[in-house]
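So the structure is just underneath, and the comments pick up after that.
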Amino acid sequence: MGEFIYTNFFIKKVDLSNYLKIKNKIPSNVNILAVSKGFKSQEIKIIQNIGQNDFGESKFQEAFEKQLILKDLKNIKWHFIGRIQSNKVRKIVQNFKFIHSVDSFEKLQKISNISYEENKNPLIMLQVKFSNDPTKGGFDPNLLKLKWGEIQELKNITITGLMTINPKGLSSKENTELFKQCRSLADSLQLPDCSMGMSGDWEEAIDAGSTWLRLGSLIFGDRS
Ligand SMILES: *Cc1c(COP(=O)(O)O)cnc(C)c1O
C-alpha cells in the first residue's frame, strides 16, 4: 500500500509509492525527471519534499506560473520538454536550466544566440526521431550527424545528450530497439545523456541505456 501525504485542508493526495518503488529500483546513473505538466505546484512540493528536484514542463505559461509560486524552493531544477515556439525561446532560456526538446538546427542556433545575450548556458538534449511518427518532431539522425561539426561551434549551450519519444502502441521489443538506436547515436557523438522512457516504457528505456526517465502519470497519478 502506498504512503499518502495529505496537503493542508484540501482533499488532494499524492501517492508516493510508485515514485519510491522506481527510485529504489533504478541504477544510480539513471535520473528521474518528474513531469509535472497538468499538475499543481502543491503536488510538486510534496514530491520535492522527499528529495526529487528535477521537474519537467511542456508549456511555458503553465510552467512559469508554478515557477513563481515555487520560487523559494531553490533546489528545484526546471526542464523544458515541450515543443519550442520561436517567440518563447527567450523566456525558456531565462527560466529553464535544461531543455530536452530542441528538434532543429535553426532552433538550436536561436537558443545559442539568445543564451549569449542573456549570459546563460542551458544544458541541452537534442530531440531525435527514430521512427516515422508524423505527430512528433525531431532531428533526422543522419542530418544530425551531418550538422554535428556546426552544432559543436555554437556558443553558450552545453549539449549533454539526445532525447527521443517513441510512438504509442509499440511492443516492448520495438520500444527497446528504438531506444537502443538513440543510445548508440549518443555514444557515437560522445554524449553521456539519453532522455528516454516515459510512464509506459521506462523499463525498456533503462535496459537500452537511458539516463533521464521522464515520468508523469506514473508518479503523480492521472492528469484530470
Ligand atoms: C507528458 C510527457 C511525458 C510524461 O508522460 P507520462 O506518460 O505521463 O509519463 C514525458 N515526456 C514528454 C515529452 C511529455 O510531454
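The values are calculated or read from the model by the stated rules, or taken from the named source; none is laboratory data. Here the structure is a predicted model, which is why all the values come from computation and not from measurement. Cβ placement follows ideal geometry from the backbone for every residue including glycine, while neighbour counts extend to all protein chains displayed.
Determine if region 148-155 includes at least one residue that is hydrophobic (A, V, I, L, M, F, W, C), in contact with a strand residue (DSSP E or B) (Cβ under 8 Å, 6 or more places away or on another chain) and surrounded by fewer than 23 Cβ atoms within 10 Å (Cβ to Cβ). Among the residues of region 148-155, at least one is hydrophobic (A, V, I, L, M, F, W, C), in contact with a strand residue (DSSP E or B) (Cβ under 8 Å, 6 or more places away or on another chain) and surrounded by fewer than 23 Cβ atoms within 10 Å (Cβ to Cβ), which makes the answer yes. Scanning region 177-205 for residues that are within 14 Å of the ligand (Cβ to nearest atom) and among the aliphatic types (A, V, I, L, M) returns 196, 198, 205.
Residues considered: 219, 165, 206, 157. Of these, the only one that is within 14 Å of the chain's Cα centre (by Cα) and of a type outside the set (Ser, Thr, Tyr) is 165.
Residues that are in contact with a strand residue (DSSP E or B) (Cβ under 9 Å, 6 or more places away or on another chain) and of a type in the set (Ser, Thr, Tyr) do occur in region 162-169. Apart from one condition, residue 224 fits all of (1) under 27 Å from residue 24 (Cβ atoms); (2) among the hydroxyl-bearing types (Ser, Thr, Tyr); (3) within 16 Å of the ligand (Cβ to nearest atom); the exception is (1). When 57, 65 are checked against the criterion of being away from the ligand (no atom under 16 Å from the Cβ), modelled with pLDDT of 95 or more and under 20 Å from residue 224 (Cα atoms), 65 stands alone in meeting it.
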